[in-house]
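Read-outs: derived from the displayed coordinates by stated rules, not from any lab. All values derive from a computational prediction rather than experimental measurement. Cβ: placed from backbone, ideal geometry, glycine included. Neighbour counts: every protein chain shown.
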Amino acid sequence: MKFLFQTFILLIKTILLLINLNLYFQNMKIKLIDSHAHLDKDSSSEYFFNIIKNSIDNNISSILAINTKISEFDKLYNLVKDYKSIWCSIGEHPCNINKNNIPSKKLILSKINDKVIGIGETGIDLYYTKNEINSQFEAFNNHIEASAETGLPLIIHLRNSEQELMNLLQNKNKQKKLNVVMHCFTGSYELLKKCLDNDFYISISGIITFKKSYELQDIVKKIPLNRLLLETDSPFLAPVPKRGKKNEPSYLIYTAEYLSSLLNIDFIELSSKTNDNFYNLFTKAIKYERIIYED
């Protein structure tokens, strides 16, 4: 009986939350920006169109579609090229790097067009591919050089490599100021301090809503609001209450709502400030009120 009562209370709270969020969107016209989504992970055009429709219906005003394989960049570009305020990046994910696949700065630069507003997803991942560390460093350095030459921000992936990655990034940042976002931040407080000391942006995903993310939740409270971005990393890492499902940009609302509560700030203020941060970092992006298809 106690369990049923608790379940009922949870259901009521969820319904009230959804009603309140719906009222926010309808009355205040809140817009959210998904700063990191993988829109090309499903080859079905129907799936892609459904994602975009759901994004529009849930007031996602802009999406940054992330490239992880340069050989597949054209596929990603063709998906998004006719949509205003859906942008893309160019880069090779560190888990795809090996001695036979080290993209040059020249190759990265050759793919940049009017839709490309960032360099990445790039970085160092020593969780899966420790034996490719030298190749990863070379590839990462090429991405950094492309970013430094163009001014396009670096979109950083980091796993089990805090010291290695930050040593290189900080040295490069001293030579020439870099624009950087730490994607899907789950690092230590020491890493956060280094990032903030270098004026890097910090992007928060649905992981913040997970029950066991209490350490991350404490760390995120220390991020200045003017350094914060929101992302889904879809189709991965769906936030509570969608955890376990295939993630999509429209689910960003749940991460944003949780974060506004965690930081004890108004939902409208959070959405407005993170949107401003996105355009302050990705200066090439043109601001639109909504996603528009233009053939």
### Task
Grab the Cα-Cα distance for Lys130 and Gln163, subtract it from 0.36 nm times how many residues apart they are, and report the gain in nm with one decimal.
10.5 nm
### Shape category assigned to the range 206-295 from the gyration tensor of Cα positions, a/c cut at 1.5
oblate
#### Entry: Among Phe48, Ile292, Tyr128 the positive-end extreme of the charge dipole of the chain (Cβ point charges)
Tyr128
### Message
So for the range 31-293, averaging the separation of alpha carbon pairs under 8 Å that are six or more residues apart and normalising by length, what relative contact order in percent results?
### Response
23 percent
### Message
Run the helix sum for the chain: -39,500 (n - 2.57) per DSSP H stretch of 4+ residues, divided by residue count, reported at 222 nm to the nearest 500 deg cm²/dmol.
### Response
-14000 deg cm²/dmol
### Summary
Here the net charge surrounding Lys84, from other residues whose Cβ is less than 9 Å away from its Cβ (Lys, Arg +1; Asp, Glu -1), is -1
### Paramagnetic reach from Asn113 (point 7 Å along Cα→Cβ, amide N under 17 Å) across the range 63-82
65-82
### Query
Under a straight-distance cross-link criterion of Cα-Cα below 13 Å, which aspartates and glutamates are reachable from Lys287, leaving out those fewer than 8 residues away in the same chain?
Asp276
### Query
Where the Cα atoms of the chain are projected onto their three principal axes, how long is each span, largest first, in whole Å?
60, 47, 31
### Query
In the chain, which whole DSSP H runs stretch at least 30 Å along their own axis (Cα) and average -1.0 or higher on the Kyte-Doolittle scale?
2-28
